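Structure first, then comments.
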C-alpha cells in the first residue's frame with residue numbers, strides 16, 4: 001500500500017505544483033527556460049558539441065535541444081521503471097535500482113545513436129569524395145577558379161560533401177579567407193582522407209602550385225581507397241554469409257545424410 005501511495009505521489013506532486021504556480025507564471029515557458037539554462041550549463045565530457053558540429057548542428061540551440069531530449073527521456077524512463085518495479089515487487093530498493101538502470105541505459109543509447117549517425121555521415125562523405133574530387137578537377141582544368149568550381153559542385157551535387165562545400169562558400173561570402181574556410185571544413189569533418197585533401201588544397205592555394213595535378217593525385221588515391229573499402233566490406237560480408245552455412249545448412253545436410261543409416265541400425269539392433 002505504501003508503494004502505491006509513493007507512485008501516486010510521484011505523478012500527482014508535479015501536477016499540483018504546476019497548478020499552484022499556474023496563476024503567477026506560465027509553467028510551460030518557465031519549464032522551457034529552466035531546462036535550456038541547465039542544458040546550456042551542462043558539462044560536455046563526451047564531446048557532444050563536436051559530434052553535433054560534424055552533423056551540421058553545432059549551434060547552441062541544437063546542443064540545448066539534444067540535452068533536453070536526452071535528459072527528458074532519461075528522467076521519463078527512470079520514473080516509469082521506478083513506478084513499475086515498485087508496484088509489482090513492493091520494494092523501494094528494487095524500484096530505485098530499476099530507475100537507475102533504465103535512466104542510464106536510455107542515456108547511453110541516445111549517445112550511441114548520435115555516434116552512429118556521425119559515423120554513417122562520415123562514411124557517406126568518404127564514399128562521395130572520389131566523384132566530388134573528379135568534378136572539382138574537371139572544373140578547374142576547364143579554367144574555373146576553385147571558388148567557382150566549389151559553387152558549381154554545391155549547386156549541382158546532392159550529398160553531405162556538397163553541403164560542406166556550401167558551408168565553405170557561405171563562410172567565404174561572409175568575409176573569411178578561402179583557406180580558413182577550407183581548414184574549418186577539414187577540422188569539422190573528422191576524416192583522414194578529407195583532412196589530407198584540405199591540407200593539400202590549402203597549401204597549393206597559398207603557394208600558387210598547380211591545382212590540377214594535386215587534385216588528380218588525390219582523385220587517384222581516393223579511388224584506390226574506395227576500392228580497398230569495398231573489398232574490405234565484401235570480405236566481411238563473405239564471413240557473415242558463412243555463419244548460417246556452417247552452423248545451420250551444413251548440420252542439417254549431415255543429419256539428412258546420416259538419418260537413414262541411423263534408422264536402419266536402430267531397426268537391426270531392435
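This table checks each residue for (1) surrounded by fewer than 15 Cβ atoms within 10 Å (Cβ to Cβ); (2) farther than 25 Å from residue 115 by Cβ; (3) in contact with a helix residue (DSSP H, G or I) (Cβ under 7 Å, 6 or more places away or on another chain); (4) not assigned by TED's automatic domain parsing to the domain that holds residue 56.
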{"residue": "195", "(1), (2), (3), (4)": "no, no, yes, yes"}
{"residue": "204", "(1), (2), (3), (4)": "no, yes, yes, yes"}
{"residue": "207", "(1), (2), (3), (4)": "yes, yes, no, yes"}
{"residue": "232", "(1), (2), (3), (4)": "yes, no, no, yes"}
{"residue": "237", "(1), (2), (3), (4)": "yes, no, no, yes"}
{"residue": "241", "(1), (2), (3), (4)": "yes, yes, no, yes"}
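Return the residue satisfying two criteria in turn: it lies in region 121-159 and is closer than 21 Å to residue 56 by Cα and part of a loop (DSSP other than H, G, I, E, B), and of such residues it is farthest from the chain's Cα centre (by Cα).
That would be 157.
Collect the residues in region 80-117 that are in contact (Cβ under 8 Å) with a residue 60 or more places away in the chain, in a helix (DSSP H, G or I) and surrounded by fewer than 16 Cβ atoms within 10 Å (Cβ to Cβ), keeping them in residue-number order.
87, 92, 111, 115, 117
Going by the conditions given, is residue 77 more than 15 Å from residue 56 (Cα to Cα) and surrounded by 14 or more Cβ atoms within 10 Å (Cβ to Cβ)?
yes
May I ask you to list the residues in region 167-208 that are outside any helix (DSSP H, G or I) and without any contact (Cβ under 8 Å) to a residue 40 or more places away in the chain?
Across region 167-208, the qualifying residues are 174, 175, 176, 177, 208.
So, residue 164, is that one free of Cβ contacts under 8 Å to residues at least 60 places away in the same chain, assigned to a helix (DSSP H, G or I), under 20 Å from the mean Cα position of the chain (by Cα) and buried (at least 18 other Cβ atoms within 10 Å of the Cβ) or not?
The answer is yes for residue 164.
Only one of (1) under 30 Å from residue 141 (Cβ atoms); (2) in a helix (DSSP H, G or I); (3) without any contact (Cβ under 8 Å) to a residue 12 or more places away in the chain is not met by residue 235, so which one is it?
(1)
The values are calculated or read from the model by the stated rules, or taken from the named source; none is laboratory data. The structure displayed is predicted, hence computed values, not measured ones. Cβ: placed from backbone, ideal geometry, glycine included. Neighbour counts: every protein chain shown.
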